[in-house]
Amino acid sequence: MTQTPISVNNRARPMLDRLCAEASVLRVGVSRGEAGECLVDAGAKHRGGIAAGLRLAEICLGGLGEVRLASDATLPHWPWTISVASSNPVIACLASQYAGWSLAHGGFFALGSGPARALARKEKLFEELDYHDQASGAVLVLESGKPPPAPLVGEIALACGVAPADLAILYAPTQSLAGSVQVVARVLEVAMHKAHTLHFPLEHIVDGVGAAPLPPPHPDFVVAMGRTNDAIIFGGRVHLFVTGPAGEARDLAEAMPAAKSRDYGRPFAEIFRAAKGDFYAIDPMLFSPAEVIVTAIDTGDSFRAGRVDAALLDKSFL
């Protein structure tokens with residue numbers, strides 16, 4: 001039987017429709033922009049919240065992952081955890097959720113994530129991903145306090161091959177509850193991107209789960225961004241299930257934890273300020289979960305590396 005190709009945009013659309021239908025309950029704002037695009041404010045002028053952030057994260061995964069809020073005894077000071085699971089982690093995380101599309105116009109700048117990326121395919125990463133989406137509508141997610149200006153909306157729609165009226169843009173700033181939830185829900189994606197950076201064959205990663213503590217939001221952007229990063233760097237845990245030799249699984253596990261980075265050991269906000277706001281001056285190996293398990297499903301062997309650092313998490317969150 002021929003399988004229907006997976007479309008992250010088509011899967012995300014009914015999820016978007018449900019979110020819009022429950023806008024008042026979720027405290028999000030739904031409107032139409034100048035170009036006719038659908039705009040969903042999940043934490044800027046509208047309050048949003050944790051529930052909106054969970055919905056935003058699942059939409060960002062293109063409907064190929066589950067995002068839940070759960071209690072966890074691993075970090076007694078921060079017991080609430082954002083858990084993520086996907087049986088299609090390469091498509092869900094790298095072809096959809098990853099914030100890799102640079103969008104700028106005038107004084108506006110944001111990194112685009114979500115299903116629309118798989119239609120536009122503007123990033124070099126898509127040269128390596130064996131995935132093409134086809135859909136008549138596009139869903140874009142921005143970590144931003146405002147929507148993009150109309151000229152940029154037109155460029156986005158054109159790149160996705162859809163009419164502006166068939167483009168939906170969801171946004172929430174990092175300082176908001178929804179924004180912090182959807183960023184921390186990238187814990188699995190961070191591991192997937194690290195595996196790609198380490199040149200592990202992505203086609204060998206067949207399943208994945210991750211979890212990271214829910215950080216308290218902060219009105220200052222740098223502090224809020226630091227806390228969302230630290231939730232993953234100091235408190236993130238990921239379990240990847242891979243095919244291939246056990247030795248490759250072991251090597252991946254040993255190389256992945258954030259503690260392997262030369263910049264590990266201080267809250268991210270401190271590192272960011274020391275780098276004078278230059279992300280490129282920060283060791284890219286830092287962007288990793290704290291602890292990882294990699295299971296070689298062909299042999300049944302599992303390899304664990306790294307550890308959760310409660311003291312550094314407290315330093316960041318308090």
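Nothing in this text is a laboratory measurement; each read-out follows from the coordinates by a stated rule. These numbers come from a predicted model, not from an experiment. Cβ atoms come from the backbone with ideal geometry, glycine included; neighbour counts cover every protein chain shown.
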Q.
Just to be sure I follow the rule: in the chain, considering lysines 8 or more places apart or on different chains, how many pairs have Cα atoms under 28 Å apart?
A. 14
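I'd like the GluC sites (Glu not before Pro) in segment 101-137 restricted to DSSP loop residues with at most 12 other Cβ atoms within 10 Å, sorted by number.
Numbers: sites: E123, E127, E128; in loops: E123, E128.
Counting only loop positions with at most 12 other Cβ atoms within 10 Å, the GluC sites (Glu not before Pro) in segment 101-137 are E128.
Which order do M15, M225 fall in if you start with the one that has the fewest other Cβ atoms within 10 Å?
Working: M15 17, M225 21.
Going from least to most buried by this count: M15, M225.
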Q) Roughly how many nanometres apart are two label points built 7 Å out from the Cα toward the Cβ at E22 and K315? A) 3.9
Q: Report, in debye and to the nearest 20, how large the dipole of the chain comes out about its Cα centre when Lys and Arg carry +1 and Asp and Glu carry -1 on their Cβ.
A: 760
Q | Hz values of 3J(HN,Hα) by residue in segment 152-158 - Karplus curve (6.51, -1.76, 1.60), Gly and Pro given as x | A | 6, 4, x, 5, 5, 4, 4
Q) When the dipole is taken about the Cα centre of segment 160-318, and only Lys, Arg (+1) and Asp, Glu (-1) are charged at their Cβ, what size is it in debye, to the nearest 20? A) 460
Q. Which percentage, to the nearest 5, of the DSSP beta bridges contained in segment 186-318 is antiparallel?
A. 65
Q: Pull up all non-local amide H partners of L198: gap of 5 or more, or a different chain, and H-to-H distance under 5 Å with H placed in the peptide plane.
A: none
**Q.** the chain: relative contact order as a whole-number percent, Cα under 8 Å and 6+ apart
**A.** 17
Q) Near A246, within a Cβ-to-Cβ distance under 14 Å, what is the net charge of the other residues, with Lys and Arg +1 and Asp and Glu -1? A) -3
Q.
Give the residue list of GluC sites (Glu not before Pro) in segment 1-83 that are DSSP loop and have at most 16 other beta-carbon atoms within 10 angstrom.
A. E22, E34
Q) Distance in nm between label sites at T299 and D278, each 7 Å beyond Cα in the beta-carbon direction? A) 4.3
(Q) Could you compute the net charge surrounding N88? Neighbours are other residues with a C-beta less than 11 Å from the C-beta of N88; K and R count +1, D and E count -1. (A) 0
Q) Tell me, what is the percent relative contact order of segment 175-295, built from C-alpha pairs under 8 Å that lie six or more residues apart? A) 32
Q: May I ask you to list the trypsin sites (Lys or Arg not before Pro) in segment 6-90 that are in a DSSP loop and have at most 16 other Cβ atoms within 10 Å of their Cβ?
A: K45, R47
